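The values are calculated or read from the model by the stated rules, or taken from the named source; none is laboratory data. Note that the structure is predicted; figures quoted are calculated from it, not measured. Here the Cβ positions follow ideal geometry from the backbone for every residue, glycine too, while neighbour counts run over all protein chains shown. Surface areas here come from the heavy atoms of the whole protein model, side chains and all, with no ligands, DNA or RNA. Shrake-Rupley method; radii C 1.70, N 1.55, O 1.52, S 1.80 Å.
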Amino acid sequence: MRVHSAAFTIGTRGKGTYEITGQVAAEVAASGVGDGSVTVFVRHTSCSLIIMENADPTARRDLEKFFERLVPEDTPYFEHTAEGGDDSTSHIRSVLTRSSEVIPIVDGRMQLGNWQGIFLFEHRRAPHQRQVALSVIGP
Amino acid sequence: MRVHSAAFTIGTRGKGTYEITGQVAAEVAASGVGDGSVTVFVRHTSCSLIIMENADPTARRDLEKFFERLVPEDTPYFEHTAEGGDDSTSHIRSVLTRSSEVIPIVDGRMQLGNWQGIFLFEHRRAPHQRQVALSVIGP
Amino acid sequence: MRVHSAAFTIGTRGKGTYEITGQVAAEVAASGVGDGSVTVFVRHTSCSLIIMENADPTARRDLEKFFERLVPEDTPYFEHTAEGGDDSTSHIRSVLTRSSEVIPIVDGRMQLGNWQGIFLFEHRRAPHQRQVALSVIGP
């Protein structure tokens, strides 16, 4: 039984989706795990994780436009605005998506489908350094 | 330490919720794991997973109606429509629900509550063959 | 390889967010696991889990107000109302948030970020006893 703990930082350039599939796959390979699973965890409450279509960029653009409408910035009834009009907005968008994802591994490979990518979803207008923690478990 | 990797395919008949609790429970039993956990992972970005009330079908009908309104098909500002008016809609509904779920196992039994079922949530109008990957881990 | 299975009950006083970070951390400590992960699972379909900013209570208040608007109680087209106008509402709010979360553990400590707390999100008006199941896995 093996646990491979890892972490990496990704620099974001403001709101949007940033693919991290490659970084996760590299740690799965480094772990030496054949069959098991990898937990991906984002250590923030104003960005989040999604597993999304990674072929056509318009799919992610539609997603981003949808979230702009679903949880608008500068919503008048929001009280938690100390860090700006994207403050509560960011937390709520995070809650509607994911903090953790777990992906099975078979024969050393994540069982992602053909069109699935793992993305960090940045909800803040300003650039940030974001920490992602990984735990790969298997024999 | 044991990892039982498994996968199954479920044929959907278009949009709706399809219970897969039985298929997951069968693999948990086959794994021989006493205490541990099972990861359920859907290998697609236009269908997703939910854990939902499995007694009264009207609960799921309300859920489905809600999603029709929250993320409507044929939304005018969607650009990603190559596969039809349910294309971006499907991806966004997936992002708002789950790709992975992890359920603790005690004494060989998933710790689902009395009314919890695991469902595949199909967001496409057309029938599809959907792949679900499982990883059961425990000593 | 070690699996530490645990469970606890939390009494809610109606709708709102209830922090459970301390209870989860106590079981992680009790497990003796150094590197691994903890799965947190809520055994209900009318309350859910979120990982949320735990410093300023207005952040959670905004979140709660947002959900009141996103999935209103007493929605006219809901059919599943046997238990009241918060019945389908509760299930849908649960589906939009999480049933399970998995958090990596390094050197015996959950890898939560500085401002992350784990919360049970109660969607029912009436007080309830809620069961949370945990599975801590590691060598």
Set B:V28, B:V33, B:V38: member being closer than 15 Å to B:I105 by Cβ and in contact with a helix residue (DSSP H, G or I) (Cβ under 7 Å, 6 or more places away or on another chain): B:V38
B:F67 at the interface with another protein chain (Cβ under 10 Å from one of its Cβ atoms), open to solvent by less than 10 Å² (accessible area, probe 1.4 Å), in contact with a helix residue (DSSP H, G or I) (Cβ under 9 Å, 6 or more places away or on another chain) and not charged (D, E, K, R): yes
Odd one out for C:A82, checked against (1) at pLDDT 95 or above; (2) open to solvent by 20 Å² or more (accessible area, probe 1.4 Å): (1)
Check on A:L134, within 12 Å of chain B (Cβ to nearest Cβ) and either among the hydrophobic types (A, V, I, L, M, F, W, C) or under 25 Å from C:S94 (Cα atoms) (or both): no
Test result for C:I92, under 25 Å from B:E64 (Cβ atoms) and assigned to a helix (DSSP H, G or I): yes
Unmet requirement for A:Q116, which otherwise passes all of (1) within 13 Å of the chain's Cα centre (by Cα); (2) within 25 Å of B:T89 (Cβ to Cβ); (3) of a type outside the set (G, A, S); (4) away from chain B (no Cβ under 14 Å): (4)
Single match in B:T45, B:T39, B:T81, B:T75 (criterion: under 30 Å from B:V3 (Cα atoms), assigned to a loop (DSSP other than H, G, I, E, B) and among the β-branched types (V, I, T)): B:T45
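Might you check whether a residue that is modelled with pLDDT of 95 or more, polar (S, T, N, Q), open to solvent by 20 Å² or more (accessible area, probe 1.4 Å) and not in a loop (DSSP other than H, G, I, E, B) occurs anywhere in the stretch B:20-33? Give the steps one after another, and end with the answer.
The initial filter retains those residues of the stretch B:20-33 that are modelled with pLDDT of 95 or more, namely B:20-33.
Narrowing further to those that are polar (S, T, N, Q): B:21, B:23, B:31.
Now narrow it down to the ones that are open to solvent by 20 Å² or more (accessible area, probe 1.4 Å): B:21, B:23.
Next, only the ones that are not in a loop (DSSP other than H, G, I, E, B) stay: B:21, B:23.
Yes, that holds for at least one residue.
Run down A:T17, A:T39 and say which single residue is surrounded by 15 or more Cβ atoms within 10 Å (Cβ to Cβ), away from chain C (no Cβ under 14 Å) and of a type in the set (S, T, N, Q).
From the options A:T17, A:T39, the qualifying one is A:T17.
Identify the residue in the stretch B:91-102 that is farther than 14 Å from A:S100 by Cα and at the interface with another protein chain (Cβ under 7 Å from one of its Cβ atoms) and, among all such residues, is surrounded by the fewest Cβ atoms within 10 Å (Cβ to Cβ).
To start, the set of residues in the stretch B:91-102 that are farther than 14 Å from A:S100 by Cα comprises B:91-94.
From what is left, the residues that are at the interface with another protein chain (Cβ under 7 Å from one of its Cβ atoms) are B:91-92.
On the way: B:H91: 28, B:I92: 25.
Only one residue fits best here, namely B:I92.
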Qualifying residue in the stretch A:5-15 (condition: of a type in the set (V, I, T), within 20 Å of the chain's Cα centre (by Cα) and not in a strand (DSSP E or B)): no
Single match in C:V24, C:V3 (criterion: more than 9 Å from every other protein chain (Cβ to nearest Cβ) and in contact (Cβ under 8 Å) with a residue 40 or more places away in the chain): C:V24
Output for the stretch C:48-63, where each listed residue is of a type in the set (D, E) and part of a strand (DSSP E or B): C:E53
The one condition in (1) under 29 Å from A:E83 (Cβ atoms); (2) open to solvent by less than 10 Å² (accessible area, probe 1.4 Å) that C:Q111 fails to fulfil: (2)
